[in-house]
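Below: one structure, written as structure tokens.
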Amino acid sequence: MNRVADVLQGTPAWAYALFALLFWLGSRRFKASTIPVGRLWIAPCAFIAWGLVALVQRGGEIDNVALHWLFAAALGAIGGALPRMVVQIDRGRSLVRLPGSVTPLLRYLALFAAHYALNVAAALQPQMHDRFMQWDLYVSAVGAGYFIGWALRFAQVYRRAPHTELRRSDAAPSASPMAKSASITPTASG
């Protein structure tokens, strides 16, 4: 029990703040909502930045480290680009209507938990520090890659989506009967 308390006390304040932010952002996605497009980018930008910081801070031969990072990021990007996105877009108000889902919260917490666990393990087993930090680099790269792939997919959906009049609230959009959701399913060419 003392070890758990030591780990929690040794956790930097920014980690708690990031966890709280990710939990808040993810839990707000449980139900369908209309949000500013800018807010949609908070978590993806955080994970992309985290991945890039891990790459820059990693010691060793930069060519080898970058190659491993790029490979893991490419795998993540494929995963981020594949899921079907169903959204409604109001370009005039810069709003997006998202369906409710628990998936964003689970994704955010899984990536955070993997980073946290690897860093705790590295602190508790210094002889394995380099090995754990190598795995943390992969987690960072997969997370960054996933959100890069997601961002590219969202940009594609955003460009193709028909305009819909939306209100910033959790209420149903105030769209005309002619308004449609943008739904783009990945194909071999797209």
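Enumerate the pairs (first residue in segment 21-36 and closer than 15 Å to SER101 by Cβ and surrounded by fewer than 13 Cβ atoms within 10 Å (Cβ to Cβ); second residue anywhere and at pLDDT below 90 and not β-branched (Val, Ile, Thr)) with beta-carbon separation below 8 Å, excluding pairs fewer than 6 apart on the same chain, so at least 6 apart or on different chains. From residues that are closer than 15 Å to SER101 by Cβ and surrounded by fewer than 13 Cβ atoms within 10 Å (Cβ to Cβ), the pairs are LYS31/ASP170. Counting only residues that are under 25 Å from LEU21 (Cβ atoms), touching a Pro at 6+ places or on another chain (Cβ under 7 Å) and touching a residue at least 60 places away in the same chain (Cβ under 8 Å), segment 87-104 holds 2 of them.
Meeting the requirement of 3 or more residues that are farther than 30 Å from THR164 by Cα, the helices (runs of 4 or more DSSP H) wholly within segment 10-125 are 13-27, 42-57, 62-81, 103-124. Hey, any hits in segment 50-61 for a residue that's more than 18 Å from VAL139 (Cα to Cα) and either buried (at least 19 other Cβ atoms within 10 Å of the Cβ) or touching a residue at least 24 places away in the same chain (Cβ under 8 Å) (or both)? Scanning segment 50-61 turns up no residue that is more than 18 Å from VAL139 (Cα to Cα) and either buried (at least 19 other Cβ atoms within 10 Å of the Cβ) or touching a residue at least 24 places away in the same chain (Cβ under 8 Å) (or both).
When segment 1-36 is filtered for residues that are small (Gly, Ala, Ser) and in contact with a strand residue (DSSP E or B) (Cβ under 7 Å, 6 or more places away or on another chain), the ones remaining, listed by number, are ALA32, SER33. Would you check if there is a residue in segment 158-173 being more than 26 Å from LEU22 (Cβ to Cβ), in contact with a Leu (Cβ under 7 Å, 6 or more places away or on another chain) and either surrounded by 13 or more Cβ atoms within 10 Å (Cβ to Cβ) or modelled with pLDDT of 95 or more (or both)? Within segment 158-173 (the criterion being more than 26 Å from LEU22 (Cβ to Cβ), in contact with a Leu (Cβ under 7 Å, 6 or more places away or on another chain) and either surrounded by 13 or more Cβ atoms within 10 Å (Cβ to Cβ) or modelled with pLDDT of 95 or more (or both)), the answer is yes, since at least one residue qualifies.
Report, by residue number, each residue of segment 1-20 that is of a type in the set (S, T, N, Q) and loosely packed, with under 12 Cβ neighbours inside 10 Å. Once the filter is applied, which keeps residues that are of a type in the set (S, T, N, Q) and loosely packed, with under 12 Cβ neighbours inside 10 Å, segment 1-20 yields ASN2, GLN9.
The values are calculated or read from the model by the stated rules, or taken from the named source; none is laboratory data. It should be emphasised that the depicted structure is a prediction, and the values quoted were computed from it without experimental measurement. A quick note on method: Cβ atoms are made from the backbone with ideal geometry, for glycine too, and the neighbour counts reach across all protein chains shown.
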